[in-house]
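**Q** First the structure, which I've put down as structure tokens, then a few questions once you've had a look.
The values are calculated or read from the model by the stated rules, or taken from the named source; none is laboratory data. This one's a predicted model, so the numbers in the text were calculated from it and none came from an experiment. Every residue, glycine as well, gets a Cβ built from its backbone with ideal geometry; the counts of neighbours run over all protein chains shown.
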Amino acid sequence: MSIQKSELQFISIQREMGFRPERRDCVRNTAKKNNGSIRRRRKRKQLLRRWIRIGTSVAFAALFAVVFQNLDLFMETSAENKKIEIEEMMAEEQYPQELQKLLEENEESYDFVENYANRKDYMGKPIDLSGDYQAGSVPLLMQWDKRWGYDLYGESMIGLAGCGPTCMTMAYLYHTGDLTVNPREVAEFAQEKGYHTTEGTSWDFWTLGAKELGLYGEVVSLSETVMKSVLDSGGLLVCSMSAGDFTTGGHYILLRGYDENGFFVNDPNRRSNSERQWDFDTLASQMKNLWGIYSLSE
């Protein structure tokens, strides 16, 4: 049987048409497989990156924890070593026991206590307060500042017993801006005028003594409303404190302002007490007396 040319062509076309769908399906299936493979690889990479981020965060957190733990331990060890060094130095140099007590109660005084052996480098030397004073603000001065802390106040040192003259100096600078007056001069003034007693600075210092210094001082009743009115009128408050947060015996502090969170304190013995605020009840429970200190021009 003979096959015509046209029939051969038809058969050839059918074959080609029969194979084309299979080739198209093959290409489509291959593309699906490739797309699926790409997606899986992407997911694996994303998952890997996620785990790397998590692992890195955990590692850094653990590292910081170790660092801070060791830092706290280092700080505690350093502070303890400093105390031991001071105690050994005191034993060798016969330092006053009052200095050791000061350091035990107040670590902020370390530099002052450490330099006691070099006190002659500071005693009686000129004092520049320009870096401590800013107009319109009450300066924070420490009674144990090396510039005046080793100078005598009665039978002790200003650094140990000079909270009164230091508070008066802060009030005087705020009201007058006169930088020629400093805690050493005020301590000498208090002694010469009889405002220093065996028990410390007398209460008359805040009224009669203030008047001699060109200020006005008056006794203020222990009332939150009255205290705030003194501060609102431009005055400052000096408080005689009993044993508590500020002292184990007697101590003077200065109140310079207030807001809804409490009163702002200038404690001449501790900067840390001056960096926080104090509510009325906490202060009132430790106060023995208080005075308003004003400028005569007010």
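**Q** Can you pull out every residue in the stretch 125-161 that is under 24 Å from the mean Cα position of the chain (by Cα), crowded, with 21+ Cβ neighbours inside 10 Å and in a loop (DSSP other than H, G, I, E, B)?
**A** Within the stretch 125-161, 141, 142, 143, 144, 145, 149 meet the criteria.
**Q** On to the next question. For the stretch 184-203, indicate whether the set of residues that are closer than 22 Å to residue 272 by Cα and at pLDDT 95 or above is non-empty.
**A** For the stretch 184-203, residues closer than 22 Å to residue 272 by Cα and at pLDDT 95 or above: absent.
**Q** Mind checking whether some residue in the stretch 215-224 is of a type in the set (D, E, K, R), out of contact with any helix residue (DSSP H, G or I) (no Cβ under 6 Å at 6 or more places or on another chain) and part of a loop (DSSP other than H, G, I, E, B)?
**A** No: the stretch 215-224 contains no residue that is of a type in the set (D, E, K, R), out of contact with any helix residue (DSSP H, G or I) (no Cβ under 6 Å at 6 or more places or on another chain) and part of a loop (DSSP other than H, G, I, E, B).
**Q** Only one of 201, 197 is of a type in the set (Val, Ile, Thr) and surrounded by 16 or more Cβ atoms within 10 Å (Cβ to Cβ); which?
**A** Of the residues listed, the single one that is of a type in the set (Val, Ile, Thr) and surrounded by 16 or more Cβ atoms within 10 Å (Cβ to Cβ) is 201.
**Q** Further question: When the residues of the stretch 162-182 are narrowed to those that are in a helix (DSSP H, G or I) and among the hydroxyl-bearing types (Ser, Thr, Tyr), which ends up farthest from residue 114 (Cα to Cα)?
**A** 176
**Q** Further question on the same structure: Any idea which of 222, 208, 255 is surrounded by fewer than 16 Cβ atoms within 10 Å (Cβ to Cβ), in contact with a strand residue (DSSP E or B) (Cβ under 7 Å, 6 or more places away or on another chain) and either of a type in the set (A, V, I, L, M) or closer than 19 Å to residue 145 by Cα (or both)?
**A** 222
**Q** I'd like to verify a number: residues in the stretch 88-110 that are within 17 Å of residue 268 (Cα to Cα) and modelled with pLDDT under 80, how many?
**A** The qualifying residues number 0.
**Q** A further question follows. In the set 242, 272, 233, which member is over 24 Å from the mean Cα position of the chain (by Cα), within 25 Å of residue 107 (Cβ to Cβ) and either in contact (Cβ under 8 Å) with a residue 40 or more places away in the chain or surrounded by fewer than 22 Cβ atoms within 10 Å (Cβ to Cβ) (or both)?
**A** 242
**Q** Taking the stated definitions as given, is residue 248 part of a loop (DSSP other than H, G, I, E, B) and either under 27 Å from the mean Cα position of the chain (by Cα) or among the basic types (Lys, Arg) (or both)?
**A** yes
**Q** Okay, next question. It is to be established whether one or more residues within the stretch 120-137 are in contact with a Pro (Cβ under 7 Å, 6 or more places away or on another chain) and closer than 24 Å to residue 254 by Cα.
**A** Among the residues of the stretch 120-137, at least one is in contact with a Pro (Cβ under 7 Å, 6 or more places away or on another chain) and closer than 24 Å to residue 254 by Cα, which makes the answer yes.
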